[in-house]
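The values are calculated or read from the model by the stated rules, or taken from the named source; none is laboratory data. The structure presented is a predicted model; accordingly, all values stated were derived computationally and were not measured. Don't worry about glycine lacking a Cβ; one is built from the backbone with ideal geometry, like all the others, and counts go over all protein chains shown.
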Amino acid sequence: MNEKLLKYLDGIFSPYEDLHTVKELKEELNVDLQEKLSDFKIQGYDDETAYRMTIDSIGDISEIIESISVKTRELHQMVSQDFSNINLQNSDFKGVKVHDGKFNGSALKESDFSNSDLSNSSFKGTDLQNSDFKKVTLHDGFFNGRALKGSDFSGSDLTNTSFKGCDLTNVRFEGANLTRTKLTSVGLKNISFKNCVLDYTDFTYSDLSGVCFDNRTLIGTIFKGTGLSGTSFKNVVFRNVYFKSANVKKAIFDGATMDKLTYAVLKGGKANLTNVTVI
Amino acid sequence: MVDNKVSSDLLRGHSDTMILKLLMSGDKYGYEISKLIHSNSNNEYELKESTMFSSLKRMENDENVTSYWGDETQGGRRKYYRINEKGKRTYFENKENWEYAKRILDQLL
């Protein structure tokens, strides 16, 4: 048994280890390649050359992984599974339940997660462009630093989910529950939050220019350091909303109602507060 | 050795059929298959492990072949592949399709 070869296989398979079929495949491949390696040596190649030739004959490992790659039906009801670093483009995850799932580093471009329950799942470094997350439950999820361009989260429950630094161009959040959701350091220009729950939502350092919050009640929402150029808060009721260091000068507060603290901070930021009622 | 990308792709497209043909004459394990393909092509064609295994796994899913672990005592255990009735039908179909395509191509090229 050549340990170096075994280590090499451990390395290339390490992202997929958790899948039983992959473990078996690795065992199979190891036995085959060990035999190939010793054949090369019998043919007179030195250790290093024989090893090199064996490794080179493997080809592209993702080709095999794709052929055995997790089928949707096997995904149902999986708890605490790790789908990291897998290529799952265009996958159909409709209605699946994956608690504590890890999708870190996977390519999930254009996948359909509608109606699924992904509580506590993590999507760090995942490519999710144009994915469909309609009506998804994603308590405590993580999407840090991800490309989510064009994804659809309408009607989903994103309580406590973090979208720190994600690319959210053309993302849809209509009707989503964004309680305590962290939409920090993201570009949200002109995005619609129609019918969203925005209690304690954290928008720290995000650009909310042109966003319309008219006629809403905002409780504990955090707008710290946000860009609010042309953002409209017409007739909004504010309770304990936090505007520290926000660029409020060009925001519209016509007909808004707010508590004294919110008012004071806004006034300090030179916001236009004519037509505002203080409670 | 086939180095040309086009001919290599063309050959790879027939991996399933090559493997099925070898399994027609008896059960074999992975390395045995790749060795036979290498030698039967007079050392001109080498099937990459990843291509061979993805082909085997796909055919297993499609129930063209079944696999079982051998009972080797020396070294690691090997996984053997056996051709199913469906696999035999697939082989003859593919072979027929190829003969047909070859006839047309011979006329056209």
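Things worth noting here:
- The range B:52-71, residues that are in contact with a Lys or Arg (Cβ under 6 Å, 6 or more places away or on another chain) and at the interface with another protein chain (Cβ under 10 Å from one of its Cβ atoms): B:S67, B:W69, B:G70
- Leading residue by the ranking (modelled with the highest pLDDT) among those in the range A:9-22 that are within 21 Å of A:D56 (Cα to Cα) and more than 11 Å from every other protein chain (Cβ to nearest Cβ): A:D10
- Just one residue in the set A:I55, A:I64 is surrounded by 19 or more Cβ atoms within 10 Å (Cβ to Cβ) and either at the interface with chain B (Cβ under 10 Å from one of its Cβ atoms) or modelled with pLDDT of 70 or more (or both); that residue is A:I64.
Per-residue answers, yes or no, for (1) surrounded by 22 or more Cβ atoms within 10 Å (Cβ to Cβ); (2) modelled with pLDDT of 85 or more; (3) assigned to a loop (DSSP other than H, G, I, E, B); (4) in contact with a helix residue (DSSP H, G or I) (Cβ under 9 Å, 6 or more places away or on another chain):
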residue: A:N190; (1), (2), (3), (4): no, no, yes, no
residue: A:K194; (1), (2), (3), (4): no, yes, yes, no
residue: A:S209; (1), (2), (3), (4): no, yes, yes, no
residue: A:N215; (1), (2), (3), (4): no, yes, yes, no
residue: A:K267; (1), (2), (3), (4): no, yes, no, no
residue: A:K270; (1), (2), (3), (4): no, yes, yes, no
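- The residues listed here are B:S67, B:S34, B:S7, B:S50; of these, the one that is loosely packed, with under 15 Cβ neighbours inside 10 Å and on the phi < 0 side of the Ramachandran plot is B:S7.
- Picking from residues in the range B:11-45 that are among the β-branched types (V, I, T) and under 17 Å from B:N64 (Cα atoms), the one that is nearest to the chain's Cα centre (by Cα) is B:I19.
- Hey, A:T231 hydroxyl-bearing (S, T, Y), surrounded by 20 or more Cβ atoms within 10 Å (Cβ to Cβ), under 21 Å from A:F143 (Cα atoms) and modelled with pLDDT of 85 or more or not: no
- Any pair with Cβ under 6 angstrom, 6 or more apart, that starts in the range B:29-43 at a residue that is more than 20 Å from B:S7 (Cα to Cα) and ends at one that is part of a helix (DSSP H, G or I) and at pLDDT 90 or above: B:G30/A:D32; B:Y31/A:D32; B:Y31/A:E35; B:Y31/A:K36; B:I33/B:I19; B:I33/B:L22
- Restricting the range B:27-51 to residues that are part of a loop (DSSP other than H, G, I, E, B) and at pLDDT below 95 leaves a set whose member that is nearest to A:I55 (Cα to Cα) is B:K48.
- Residues satisfying the stated conditions in the range A:201-221, i.e. farther than 17 Å from A:L168 by Cα and out of contact with any Ser or Thr (no Cβ under 6 Å at 6 or more places or on another chain): A:F213, A:N215, A:R216, A:T217, A:L218, A:I219, A:G220
- Residue within the range B:71-91 that is of a type in the set (S, T, N, Q) and either assigned to a strand (DSSP E or B) or more than 25 Å from A:N30 (Cβ to Cβ) (or both) present: yes
- Residue in the range A:251-259 that is over 28 Å from A:K149 (Cα atoms), among the acidic types (D, E), touching a strand residue (DSSP E or B) at 6+ places or on another chain (Cβ under 9 Å) and surrounded by fewer than 16 Cβ atoms within 10 Å (Cβ to Cβ) present: yes
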